[in-house]
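Let me begin by presenting the structure, written as structure tokens, before commenting on it.
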Amino acid sequence: MDTAGAGTVGFRVLGEVTAVRDGVALDLGGRRQRSVVARLLVAGGHVVPAELLVADLWRGASPADALGTLQAHVSHLRRVLEPGRAPRTPARLLVTVPPGYALRPADDAVDVLLALRLLDEGDRLAATDPAAARQRYTDAIDLWRGPAYAEYADEPWAAPEAARLDELRLTAVERRAAVALDAPGGRDPLPQLRAHVAEHPLREEGWRLLALGLYRAGRQGEALGALREVRARLADELGVDPGPELRALEEAVLAQAPSLLPARGPAPAVGRPAPEPAVPATPAAPVMPEVPRPVGREAELAALRAAADRAAAGSLEVALLAGEAGSGKTTVLDHLRAEHAARGWTTLAVSCPETDGAPPGWPWAAALRALAATTPPADPAALAALLTDDAPPETGGDPLGNRFRLHRAVAGWLAAVAARTPLLVTVDDLHRADRETTALLLDLLPALAGCRVLLVAGHRPEESAGLADVLAALARRSPVGLRLRGLDPAAVDALVEDWALTPVDGRTRAAIAARADGNPFYVRELLRLVDSGADVDAVPGTVRDVVRHRLAVLPARTGTLLKLAAVVGRDVDAEVLLAAAAPAGGGTEEDEDALVEALETALVSGLLVEPGPGRLRFVHALVRDILYGDLSSLRRTRLHGRVAAVLERLRPDDVTALAHHTAAAGPGSAAAAARWAQAAAELAGRRFAHADAAVMWRRAAEATAAARPGDAAGLARLLAEQAHATVLAGAVGEARALRTRALAVLPDDVPAELTAAVLLSSDAPTFWKTWVDPVDDRFVARTESAITALPAGDPQRTRLLALLATELEERHEARAVEASAQAVGEGRLGGDPLALAHALAARQFHAVGGPDRSEATALGTELLDLARREGFGLFEAVARLMLLQDTCAVLDLDAADTHAAEAERLSSAYGLPLLHGIARCYVGMRAAVAGRVAEAEAAYDVAEQALLEAGYYPEITRALRLHTQLGLQLGSPEAQPVAPEEIAAMVPISPEISTETWALTLVLAGRADEARSRCPAHARPVRDLFTPFFEFVRGEVGLALGDPARMAEAEAELLPYRDGVCGTETALMAFGPTATLLARLAAARGDREAAEAHRAVAVAVAERTGHPGWLAAARAALA
């Protein structure tokens, strides 16, 4: 083999173990260093694990630094064997293949392999050209310079191979003699045969050939004498008779059988025989990485195979595989993929990183890029955000709609794959999945229903809040639930048998089983200790202690390199690691060689594995966690800084990793942290991972404040970006608070466009007013100023008008109504669909202020058409909710059901948790209208939780839940009563409405006097969506307290709403037929005729709903 121009290196083991280059012997060092070469040559090119090398070379009595010494031997040998190899280039002779080493010379470079080739050639030529065969055998025998592996022949690892090779030489001597007897004319074989049987008197084949040669030489008596001699030797020394071939030869000699004479074949052709026609080489199958066999997991694998069979029959199947760290989840998933790939399935491995620094959605991006290499999608452009790192950002349109279309494109691709072959998707470490990874996973499931897909997700049993939500969502798919518990003793023993490199006695096996508690990773780590010569009982009890013990015996340089690798992450770029570990200025070639050797020691130790060229990975997350956790904060900070510096030079596109490492590198890296956090936020935004983008914008803002404290405009811009990402993630209240912070630091003299961007940063149609945040006069002034500075028709100006209308609605100012109308007018003229959508949504607040809902219906219809045409999923959901209110107001519940179902579908598909929570409120109202109290209460509870999880204001969410419960309480004695104290806590938020509802709860609790004294009537001049509900409560309080003013106001305000159910126009709550209360109010003031008319309407409305309590109340309204 040629190695870097240094000539061919040959190895000789048929005698003393040596190496030569161009005929010159190489200095392989002392006995133990040469034994490394000998041991690897015995393995025949196969990998010998480092632990086994140590155990063999030190005969089980290895010193503490044996692994370091072994690495030193390997390093010295490489310098001798490949002196011209360039730094950082992999060795080609003595190679590192985790978890050990292999020696891989060319076939003709090892005397054993050359001898085998010559013997094979002799065997092929023996029948047709005995003379040529005789020469081949002679050449092979001449390669022996003495006993094979002479100085190591008594070593346990060398003895079997040495014995095999010695037997091979004796066989070669006998085969040469056999062809010599068939081809007279060469050297007489009889003297060689006499010497052979004298040295090996019990080899019957040698005696047979000697007797045959004597007979053919005309010495029949000597031939019979030789046969009698071997018979006597066998009888004396072994007590056996000669074998059948010797007995047959003796009979043939006595009978002078013609068959004993050599066959007379045709003379061989002069010169070299014609070569046989070449047979085209069969292309080698691709070498697949060996997948470990899961031991003791037969039941779990059987359940997963059954799920796969169901999936292959045409149904989406989901399985969840829970297990503690080290229980073998990854092994089961890897085995399952390999098994089904062999069955013709397409497999997709989604692996969630166990360290920070990966971009949002990276597990899917990595998996889908691998799939695209073998099964490309029909439309790669639709998947560019996941399949490439440099996809241009989406401009304009609806960000949530773009995200939906990306997820739908992935689903379409996977469905097409599953149409060709069944598809197995494994998700490893689901507990570590980021938000975008889980969002895509959950979006894919409904889209793949009915496809031949099996999804298997592995996770640890300890649940985080995020994992709990994902598992709850997956539970709706009735998954197969599997738990990897500790292996039983038999399975642990099988693991020991599979993995042990040296024999393990019964006492040690029992100790391993007792210590590992059935955890496969722990078993393997304990076995590595055993293989290194350590006593299991001498190591502290936890798996972390075992790993630390293994780390302690590594060379110091290797330990330092592993700590740096732990800072990089569980998955490590080898080039980045070596560059970060290099001395300042790069160091010398010797320094670089030492680092590579230290890295190879880490690989052969089994703590790192090499999943691909230039890629490293800790064998388990526990190893990385232990190394990282044991670092001091000062050391971590400095190492993160070194990694960041290398990434900036070598991997400037890995922006998320750069953001992670610069943020962890301490205050001195604040400027770089700000820059890279912004780049990572932009990448997250391009992948529609808005919650992750918000986190990165926050880091960018914090780092900017530290690095450039005087850059107020820059800080305001970053806070605005954070607010925008936050509102897209659904956290409206948090986004508004961020906008307020941004405005507080924004200088007055910045361009109007920047001011508008900050003002609009949290602008997203939430469909509900907040009532919580007080209107900020400074905010209003800056909004008006920006509106004035921007030209008419500018999309930002239209959106600012819509925003102003929404914000001022809390004050019920005429300017709000004017601004919303102006926004719609300019939006229709300006031609920007998104600006018009915002304007239509804002105007809706002012179109529901009375019984005439014609404008609201027209707005909802226009917005629905616009959203469908432009693909604005968010606004389509808002339009559905607008039309839901309209249909509920007139009790068209069939149409309302359709709008609600579409709103839920859209909010789920586009990731709109707040709108989803609002749509869920309708489910409670629908049950309330039908009188199903328990069902309504449960649905309202679900909706309340959904709103809280969406980040909506807790106070408003609780107020809504209390008011929905109050409606149930008024209609049925089964409903849980509302505590007046809870309503009293809401009074500061909305004094007019909450004071009245507080009074009603006091009345219902039998505390009318307290209601009279503590709850004075507050004027509420505004007419909006909640006017009917407010006046209904006021009327009930007026009747209970005998308050004519309250009763008169309520009757007058409610009269236009007589034909409906009060509260349903909100699509949230239902208080009963408005006409029932009107009948009671008319009766209280003595107008019997009006009361009768109202009661008739109330009975008709109640009969439409089927609510028994409302019907009874309507009929008894005048009792």
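For region 99-141, the set of residues classified as crowded, with 20+ Cβ neighbours inside 10 Å and in a strand (DSSP E or B) consists of GLY100, TYR101, LEU103, VAL110, listed by residue number.
Note on region 1022-1048: residues that are more than 20 Å from PRO1073 (Cα to Cα) and over 56 Å from the mean Cα position of the chain (by Cα) amount to 5. Residues in region 969-1006 that are of a type in the set (S, T, N, Q) and assigned to a helix (DSSP H, G or I): GLN969, SER994, THR995, THR997, THR1001. Here GLY225 does not fit the description of being in a loop (DSSP other than H, G, I, E, B), among the small types (Gly, Ala, Ser) and surrounded by fewer than 20 Cβ atoms within 10 Å (Cβ to Cβ). For the condition in the same structural domain as ARG59 (by TED's automatic domain parsing) and on the phi < 0 side of the Ramachandran plot, PRO156 qualifies. Which one of GLY1006, GLY971, GLY1035 is closer than 24 Å to VAL1099 by Cβ and out of contact with any strand residue (DSSP E or B) (no Cβ under 6 Å at 6 or more places or on another chain)? It is GLY1035.
Name the single residue that is nearest to PHE1032 (Cα to Cα) among those in region 1064-1089 being of a type in the set (D, E, K, R) and crowded, with 21+ Cβ neighbours inside 10 Å.
ARG1080
Listed here are the residues, each with its yes/no results for (1) touching a residue at least 24 places away in the same chain (Cβ under 8 Å); (2) in a loop (DSSP other than H, G, I, E, B).
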{"residue": "LEU424", "(1), (2)": "yes, no"}
{"residue": "THR438", "(1), (2)": "yes, no"}
{"residue": "GLY466", "(1), (2)": "yes, no"}
{"residue": "ALA494", "(1), (2)": "yes, no"}
{"residue": "THR502", "(1), (2)": "yes, yes"}
{"residue": "ARG509", "(1), (2)": "no, no"}
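Within region 773-794, the presence of at least one residue that is modelled with pLDDT under 90, under 23 Å from ALA950 (Cβ atoms) and among the acidic types (Asp, Glu) is confirmed. The condition (being among the charged types (D, E, K, R), more than 60 Å from the chain's Cα centre (by Cα), surrounded by fewer than 16 Cβ atoms within 10 Å (Cβ to Cβ) and farther than 17 Å from ILE993 by Cβ) is satisfied by just one residue among GLU1092, GLU1051: GLU1092. Does ALA1019 satisfy the criteria of being surrounded by fewer than 18 Cβ atoms within 10 Å (Cβ to Cβ), under 23 Å from GLY849 (Cα atoms) and of a type in the set (Gly, Ala, Ser)? Taking the combined requirement at face value, the residue satisfies it.
Comparison of TYR922, TYR940 shows that the only residue that is part of a helix (DSSP H, G or I), under 28 Å from GLU734 (Cα atoms) and in contact (Cβ under 8 Å) with a residue 60 or more places away in the chain is TYR922.
Looking at LEU616, is it crowded, with 20+ Cβ neighbours inside 10 Å, under 20 Å from LEU52 (Cβ atoms) and under 28 Å from the mean Cα position of the chain (by Cα)? Answer is no for this residue. Entry remark, region 98-149: residues being over 26 Å from HIS46 (Cβ atoms) and not acidic (Asp, Glu) number 16 in total. At least 3 residues being of a type in the set (Val, Ile, Thr) is the threshold, and among the helices (runs of 4 or more DSSP H) wholly inside region 1062-1119 those reaching it are 1088-1105. Comparison of PRO583, PRO611, PRO540 shows that the only residue that is modelled with pLDDT of 85 or more and either surrounded by fewer than 16 Cβ atoms within 10 Å (Cβ to Cβ) or of a type in the set (Val, Ile, Thr) (or both) is PRO583. Between residues in region 972-1000 that are touching a residue at least 24 places away in the same chain (Cβ under 8 Å) and among the hydroxyl-bearing types (Ser, Thr, Tyr) and residues that are part of a helix (DSSP H, G or I) and buried (at least 22 other Cβ atoms within 10 Å of the Cβ), which pairs lie under 7 Å by C-beta distance while being six or more apart or on different chains? Short answer, once both residue conditions are applied: SER994/ILE983; THR997/HIS963; THR997/LEU966; THR997/ILE983; THR997/VAL1033.
Please verify whether region 42-51 includes one or more residues that are part of a helix (DSSP H, G or I), modelled with pLDDT of 85 or more, closer than 22 Å to GLU161 by Cβ and touching a helix residue (DSSP H, G or I) at 6+ places or on another chain (Cβ under 7 Å).
To start, the set of residues in region 42-51 that are part of a helix (DSSP H, G or I) comprises 42, 50-51.
Now restrict to residues that are modelled with pLDDT of 85 or more: 42.
Remaining after also requiring closer than 22 Å to GLU161 by Cβ: 42.
Add one more test, that the residue is touching a helix residue (DSSP H, G or I) at 6+ places or on another chain (Cβ under 7 Å), and what stays is 42.
Scanning region 42-51 turns up at least one residue that is part of a helix (DSSP H, G or I), modelled with pLDDT of 85 or more, closer than 22 Å to GLU161 by Cβ and touching a helix residue (DSSP H, G or I) at 6+ places or on another chain (Cβ under 7 Å).
For GLU610, the conditions (1) under 22 Å from ARG528 (Cβ atoms); (2) assigned to a helix (DSSP H, G or I) are fulfilled apart from (2). When region 65-98 is limited to residues that are aliphatic (A, V, I, L, M) and assigned to a loop (DSSP other than H, G, I, E, B), the one that is surrounded by the fewest Cβ atoms within 10 Å (Cβ to Cβ) turns out to be ALA86. Region 146-216 holds helices (runs of 4 or more DSSP H) entirely within its bounds, and those carrying 1 or more residues that are more than 22 Å from LEU125 (Cβ to Cβ) and modelled with pLDDT of 85 or more map to 159-182. Against the test of being more than 20 Å from GLY850 (Cα to Cα), basic (Lys, Arg) and in contact with a helix residue (DSSP H, G or I) (Cβ under 8 Å, 6 or more places away or on another chain), the options ARG1046, ARG1012 yield a single qualifying residue, ARG1012.
In region 71-98, the residues that are in the same structural domain as GLY30 (by TED's automatic domain parsing) and within 14 Å of VAL48 (Cα to Cα) form Cβ pairs under 8 Å with partners that are of a type in the set (Gly, Ala, Ser) and part of a helix (DSSP H, G or I), at six or more places apart or across chains, as follows: GLN71/ALA598.
The values are calculated or read from the model by the stated rules, or taken from the named source; none is laboratory data. Only a predicted model underlies this, so the values are computations on that prediction, with no experimental measurement involved. Note that each Cβ is placed from the backbone with ideal geometry, even for glycine, and that neighbours are counted across all protein chains shown.
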